[in-house]
Amino acid sequence: AQRVTQPEKLLSVFKGAPVELKCNYSYSGSPELFWYVQYSRQRLQLLLRHISRESIKGFTADLNKGETSFHLKKPFAQEEDSAMYYCALTSPGTYKYIFGTGTRLKVLA
Amino acid sequence: NAGVTQTPKFRILKIGQSMTLQCTQDMNHNYMYWYRQDPGMGLKLIYYSVGAGITDKGEVPNGYNVSRSTTEDFPLRLELAAPSQTSVYFCAGGGQGESGYTFGSGTRLTVV
């Protein structure tokens with residue numbers, strides 16, 4: 001079955017420390033993976049997509065097919081990074097996404 | 001450029017009441033979706049639509065209905081509200097391939 005697992009419900013780090021939000025997936029094939037972010041009182045928005053191999057707001061994510069992971073990383077956390085982060089998966093050519101349960105990131109001053 | 005607009009933002013319903021959550025988009029998305037977000041449970045797909053006149057069930061459709069008479073509008077109907085439907089509801093559009101979803105701002109529904 002297709003599944004996205006985010007093992008941490010809450011991750012607290014100090015400002016300037018590195019951040020890694022974990023995402024593991026279960027999928028028999030080549031999925032497309034995304035990270036979505038929800039800042040306080042704002043709507044969910046797309047942060048990263050693996051196919052673009054881009055860096056947004058200092059965040060990067062590498063798809064590791066061997067470990068079936070798509071961890072989100074940032075070398076130096078900022079207070080404005082505090083938000084809820086969701087990892088999501090979809091099959092190429094389809095339209096339904098499977099979301100993880102989310103990780104709340106708190107960046108402490 | 002409104003994107004995806006949901007109304008209302010908040011609503012309290014009594015058990016057994018009915019209501020419609022509105023969702024409209026001006027991005028010409030063929031694909032639209034309704035999700036519910038429960039604490040610690042992530043987002044679960046309720047219904048989706050691949051175009052006007054076409055809808056299909058998602059993972060948790062029971063207790064809900066949808067319609068898609070136009071490309072712009074995708075309302076979600078609760079006929080007999082139950083406490084289990086207390087949740088935050090998100091409408092989204094797009095999502096084909098690598099383009100990702102555009103989400104609405106959400107509707108927080110409480111059934112008492």
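The values are calculated or read from the model by the stated rules, or taken from the named source; none is laboratory data. What you see is a predicted model, and the numbers here were worked out from it, not measured in a lab. Note that each Cβ is placed from the backbone with ideal geometry, even for glycine, and that neighbours are counted across all protein chains shown. Each accessible area value is taken on the protein alone, full model and side chains, heavy atoms only, with ligands, DNA and RNA left out. Shrake-Rupley method; radii C 1.70, N 1.55, O 1.52, S 1.80 Å.
Just for region A:78-101: of the residues that are surrounded by fewer than 22 Cβ atoms within 10 Å (Cβ to Cβ), in contact (Cβ under 8 Å) with a residue 24 or more places away in the chain and assigned to a loop (DSSP other than H, G, I, E, B), which one is nearest to the other protein chains (Cβ to nearest Cβ)? That would be A:THR101. Note on region B:43-60: among residues that are facing chain A (nearest Cβ under 10 Å) and under 22 Å from B:GLU72 (Cβ atoms), the one that is most open to solvent (accessible area, probe 1.4 Å) is B:ASP56. At pLDDT 90 or above and closer than 17 Å to B:SER99 by Cα: does that describe A:PHE34? So A:PHE34 passes the test. Taking region A:51-61 only, how many residues are part of a loop (DSSP other than H, G, I, E, B) and within 12 Å of chain B (Cβ to nearest Cβ)? Residues in region A:51-61 being part of a loop (DSSP other than H, G, I, E, B) and within 12 Å of chain B (Cβ to nearest Cβ): 2 in total.
Scanning region B:4-42 for residues being within 14 Å of chain A (Cβ to nearest Cβ), open to solvent by less than 10 Å² (accessible area, probe 1.4 Å) and touching a residue at least 40 places away in the same chain (Cβ under 8 Å) gives a total of 8. Taken together, the residues in region A:64-77 that are hydrophobic (A, V, I, L, M, F, W, C) and surrounded by fewer than 19 Cβ atoms within 10 Å (Cβ to Cβ) amount to 1.
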